[in-house]
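What follows is a set of notes on a single structure, which appears directly below.
The values are calculated or read from the model by the stated rules, or taken from the named source; none is laboratory data. Being a predicted model, the structure only gives us computed values, none of them experimental. Quick reminder, even Gly has a Cβ in these numbers, built from the backbone with ideal geometry, and neighbours come from all protein chains shown. What goes into the accessible areas is simple: the full protein's heavy atoms, side chains included, and nothing from ligands, DNA or RNA. Shrake-Rupley method; radii C 1.70, N 1.55, O 1.52, S 1.80 Å.
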Amino acid sequence: MNEPSAAQSHFNGLSRVLGELPPTDAGAAGEWYCFERGAWKDTSANRAVVWKRGCFTWEYKGSRADLDAAFNQFRKYALALEKAPLLIGSGMAQFRTRDRNRHA
């Protein structure tokens, strides 16, 4: 399984365990809740793995990746993702969250 599909599968499972709808079941059509939300960073297009308007931006990194890299990535495209108040960086086994307003 490649990294994007593994991240989406992991997020879908986590959503169901928590009793929340995953983006694929929310009927949002990408307007307010989706996988792979596009964001422009400098001159290249990047995508947040999961985004929910007014709630969070979630970035998955590989199992050995430094999660601080996810937070550095958020800073680069915060405006394009409407400055989501909660930033979540994770691998498959660990999560780290930050309140954007406290760590701008």
Seminar exercise, completed: the chain: longest segment with zero exposed trypsin sites (Lys or Arg not before Pro), where exposed means DSSP loop plus at most 15 other C-beta atoms within 10 Å, is residues 1-52
Exercise. Rounded to the nearest 5, what % of the DSSP beta bridges within the chain are antiparallel ones?
Worked result: 75 percent
Seminar exercise, completed: Interchain or sequence-distant (5+) residues whose placed amide H lies within less than 5 Å of the amide H of residue 61 are 90, 91
Problem set entry | the chain, accessible area per residue, ligands and nucleic acids excluded (1.4 Å, Å²) | 60 Å²
Exercise. Taking Rh as the Kirkwood radius, which is the inverse of the mean 1/r over Cα pairs, what is the Rg/Rh value for the chain?
Worked result: 0.93
Exercise. Does region 50-104 classify as rounded, prolate or oblate by the C-alpha gyration tensor (a ≥ b ≥ c root eigenvalues; a/c under 1.5 gives rounded; else a/b over b/c gives prolate, otherwise oblate)?
Worked result: prolate
For this session: First measure r as the distance between the Cβ atoms of residue 86 and residue 5, then evaluate 1/(1 + (r/R0)^6) with R0 = 22 Å and state the FRET efficiency to the nearest 0.05.
Result: 0.40
Problem set entry | Accessible carbon and sulfur surface of the chain relative to its total accessible area, %, 1.4 Å | 50 percent
Exercise. Distance in nm between label sites at residue 20 and residue 32, each 7 Å beyond Cα in the beta-carbon direction?
Worked result: 1.5 nm
